[in-house]
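Novice: Below is one structure. I have some questions about it.
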């Protein structure tokens, strides 16, 4: 049973605290018997119950010791992005990482992770409103304001607010597989994987007409990933010109139609590698990536490992 510690500090945002507690702290339909062991750990409060920005108090018997020994440590948003995080928390995070824990920041919690030095020389995400400040305060960190999260394996950083849901679902996908993550997403009434990144939410006005939504087109395309779809095919289905479609697509998803299709095909290939025994050439065909060589090239670029190695390590992790 993997253990998760959530660092609770004085004045932390209630929303970013509530999300991991809601996702990891309950047994739900179809959650496996070895579901997470969640502990909320009060850090830097001198024994007092930390209060959130909504003035809710978090009473917990757990502290730095339980945080250091956890498999995964989540750091919700910082109470003050201009000040220094509690020294006790910084020390505990460094020790947890040294012991092999996976560290995860939500929203402005990236400031706390940056203070540990563990983000130096790495790319990190945070809420787009704080991106320039994070880069200014920690120049050794490369800040990407456009993505929903960045996963380095041992250290993950998530973007603002509801992107915390994306991060938590990503952790479930890594730990328990795509099927469990998708089932949980349905129960949460949340997308299992959002296309595009945080860029689509930066000063983007709401669409003026309900029929501006690309949701029907995205659904249509995901049902036909194995077909050699083009921008012209998508534009025809959306009853618009290719140029207009590209403009609408970027405004809605933060990416291009073909990049979005490629991401969906990689995700489909990942599901097939995890949940079936199909040979690599069939996975390539069914996912729409064509040939085994094409699948290996694109999958390795996206995931960092070849398809066969990914399947082998995934199954080994599920057995362990």
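The values are calculated or read from the model by the stated rules, or taken from the named source; none is laboratory data. A quick note: this is a predicted structure, and the numbers were derived from the prediction, not measured. Every residue, glycine among them, receives a Cβ derived from its backbone with ideal geometry; neighbour counts consider all protein chains shown.
Novice: Evaluate the following for residue 124: is it at pLDDT below 90, crowded, with 24+ Cβ neighbours inside 10 Å and within 13 Å of the chain's Cα centre (by Cα)?
Specialist: Against the criterion (at pLDDT below 90, crowded, with 24+ Cβ neighbours inside 10 Å and within 13 Å of the chain's Cα centre (by Cα)), residue 124 does not qualify.
Novice: Quick one: is residue 157 touching a strand residue (DSSP E or B) at 6+ places or on another chain (Cβ under 7 Å), within 21 Å of residue 82 (Cα to Cα) and part of a loop (DSSP other than H, G, I, E, B)?
Specialist: no
Novice: Next question. Looking at 246, 283, which is the one that is under 25 Å from residue 183 (Cβ atoms) and assigned to a helix (DSSP H, G or I)? Talk me through it step by step, then tell me what you get.
Specialist: Details: 246 fails: under 25 Å from residue 183 (Cβ atoms).
None of the others qualify; the one that does is 283.
Novice: Something else: I need the full set of residues from segment 138-155 which are farther than 23 Å from residue 100 by Cβ, without any contact (Cβ under 8 Å) to a residue 60 or more places away in the chain and surrounded by 15 or more Cβ atoms within 10 Å (Cβ to Cβ), in order please.
Specialist: Within segment 138-155, 138, 143, 144, 145, 147, 148 meet the criteria.
Novice: Could you tell me how many of the residues in segment 252-261 are in a helix (DSSP H, G or I) and surrounded by fewer than 16 Cβ atoms within 10 Å (Cβ to Cβ)?
Specialist: 2
Novice: Looking at segment 271-299, which of its residues are more than 18 Å from residue 315 (Cβ to Cβ) and exposed (fewer than 15 other Cβ atoms within 10 Å of the Cβ)?
Specialist: Result: 281, 291, 293, 294, 297.
Novice: Which of the residues that make up segment 93-121 are in a helix (DSSP H, G or I) and either buried (at least 24 other Cβ atoms within 10 Å of the Cβ) or touching a strand residue (DSSP E or B) at 6+ places or on another chain (Cβ under 6 Å) (or both)? Spell out the reasoning first.
Specialist: First pass over segment 93-121, keeping only residues in a helix (DSSP H, G or I): 93-98, 107-115.
Across segment 93-121, the qualifying residues are 93, 96, 97, 107, 108, 109, 110, 111, 112, 113, 114.
Novice: List, please: which pairs have Cβ atoms under 9 Å, are six or more places apart or on different chains, and start with a residue in segment 30-43 that is surrounded by fewer than 18 Cβ atoms within 10 Å (Cβ to Cβ) and end with one that is modelled with pLDDT of 90 or more and part of a strand (DSSP E or B)?
Specialist: These pairs meet every condition: 37/3; 37/4.
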